[in-house]
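What follows is calculated from the coordinates using simple rules that are stated; it is not laboratory data. Since we're looking at a predicted model, the values are computed, not measured. Neighbour counts run over all protein chains shown; Cβ positions are idealised from the backbone, glycine included.
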Amino acid sequence: MIDDILSFYTNFIGAFSITYIIFYSILAGLSYYAIKKSLNTKHFIPNNVIIKSNYIPGVSIVAPAFNEGATVVNNVKSLLSLNYPKFEIVLVNDGSSDGTLKKLIKEFELVKVNFYYQEQIKTHTVRGHYKSTNPLYYKLLVVDKENAKSKADAVNVGINSTKYPLFICTDVDCILKSDTIIKLAKPFIESKKRVIATGAGIRISNSCEVKNGFLVKIHFPKGWLPRFQELEYVRAFLFGRMAWSKVNGLLLVSGALGMFDKEIAIAAGGYFHKSLGEDMELVTRMRKYMYDNKLPFSIQYIPESLCWTEVPATREVFIRQRVRWSRGLVETLYLHKNMFFNPKYQRTAFLIFPYFLFFEFLIPILEVIGVVVLILCFIISHEDYVNFLYLTLTVYFFYIIVTFISILLDDVIYKNYANAKEIIILVLMAIIEPFCYHPICVYASLKGYYNFFSLKEQSWGNMQRQGFDSPVTIKEK
């Protein structure tokens, strides 16, 4: 009986693994063609033409801030320096208790103004809007609101306060390249279909040199945990998201940097404040809205790093972050379960949702079961143990090849590494990643699933950021 069960599971995992390899190989091919097309057409409308045009769409940058007093002034100055002729900064002070608002008022000469605030998305209480008396800072709008323990609520307040048809959602501590707005806006200008969202590559700012909110020099992360995340980001952004962009199948635009069509975002209901995966949930709802109204649309991804953000440097904070991510995935799939295999929702119903269910949600569960089966096969059935081991090695080497190609593409195209030593370190870490980093990710995923299915309440908790000049403790909402 046990032999039959082990044999069945071994065959099942074999079929599943082959399917996964085939699917990921297709994604790799799509990613290659998407990157090639992007590089060939990136000069279709030169940046200098966009900058000088009087007909470009205005862009509002929405940045929530909660207890960011230590760095908020420099971060705002960095955002104000972005290169685009028609944009504004909407900074939302989410009930900070560390003097964030006072520092902003003093530095940027802000005064409270009468502001026509139209609550198109339902939010928590807004206390007031502030503008500068100094013409130098005319692009800055600061919104003060009561804390609702939700980043989504703060962003929704920002969206309600914007004046332009496009908005960028980012974190106030993120560092953006000077041409970020231009590159994110280009698909909205060039595409024949209505573009409802664009995203771009996210890089890790840990160990980078930052002065007064500006990125001075890029450095390879020093800590082992940020380095593994660097590896993960390179693989995910270059292969995963570029491939999905090619088939208009993006379901996630990172909360650290994404540009959205404000009209569609509001019509879809804005960010869902009860979700821990609000970025993925919003994109899903926007896709659903376009299908429901039979409107052709496109969500595009740019294969270039435009944003640098600090990632967790300790295991405790990292696990807390990944628990939120995994729970957010389950929440989104559950909230929109009526989209599964519904012809009305086309590729989202028959391709994207099944992929996220089988190859994102189920993988951690199957991996744990696989380890148990491998041990049982070794004890009970030597033949099945050998076959299962061969299968495991096949998946491992496939992963290594995909990761190596990602590193190579990233270095050849974008030259993000200072020397060959950094690339060699990244390659060596890719070899050991499945044994010392991936198990932590699996544990965090399973914990997130457990929290969701057990209906356990979870907030954003506390996050320790190292900061650039000195350690800063930031309470997550």
For Arg227, Arg327, Arg347, ascending order of other Cβ atoms within 10 Å (fewest first) is Arg347, Arg227, Arg327
Projected onto their principal axes, the Cα atoms of segment 66-215 stretch, largest extent first, over whole-Å spans of 42, 39, 33
Final fewest-first order of Thr125, Thr314 on the 10 Å Cβ neighbour count is Thr125, Thr314
Share (percent) of C-alpha pair distances in segment 247-402 greater than 26 Å works out to 43
Residues meeting the amide H criterion for Gly128 (H placed from the backbone, H to H distance under 5 Å, 5 or more places apart or on another chain) are Asp144
Which residues qualify? For Ser96, with a placed amide H closer than 5 Å and at least 5 residues away or on another chain, they are Asn67
Which of Lys37/Lys294; Lys183/Lys415; Lys163/Lys217 exceed 30 Å between C-alpha atoms? The answer is Lys163/Lys217
Residue span Asn11 to Phe214: 0.36 nm per residue of separation minus Cα-Cα distance leaves a gain in nm of 67.7 nm
So, relative contact order of the chain in percent, Cα under 8 Å, 6 or more apart, is 18
Note on segment 173-253: alpha-carbon gyration tensor, axes a ≥ b ≥ c; rule is a/c under 1.5 for rounded, else prolate if a/b larger than b/c, else oblate; result oblate
For segment 93-177, shape from the Cα gyration tensor axes a ≥ b ≥ c, cut at a/c of 1.5 then a/b versus b/c, turns out rounded
Stretched fully, the stretch from Ile18 through Lys456 gains (0.36 nm per residue minus C-alpha distance, one decimal, in nm) 154.1 nm
Computed over all unlike Cα pairs, the Kirkwood hydrodynamic radius of the chain in Å stands at 23.6
In whole Hz, the Karplus estimates of ³J(HN,Hα) for segment 229-234 (6.51, -1.76, 1.60; θ = phi - 60°; x where Gly or Pro) are 5, 4, 4, 5, 5, 4
If R0 = 60 Å, then Ile375 and Asn48, at their Cβ-Cβ distance, give a FRET efficiency to the nearest 0.05 of 0.45
If Val442, Val142 are placed from fewest to most neighbouring beta carbons inside 10 Å, the sequence is Val442, Val142
For the chain, percent of DSSP beta bridges that are antiparallel (nearest 5) comes out at 50
Yeah, segment 158-204 with a ≥ b ≥ c from its alpha-carbon gyration tensor (a/c under 1.5 is rounded, else prolate when a/b outruns b/c, oblate otherwise) is oblate
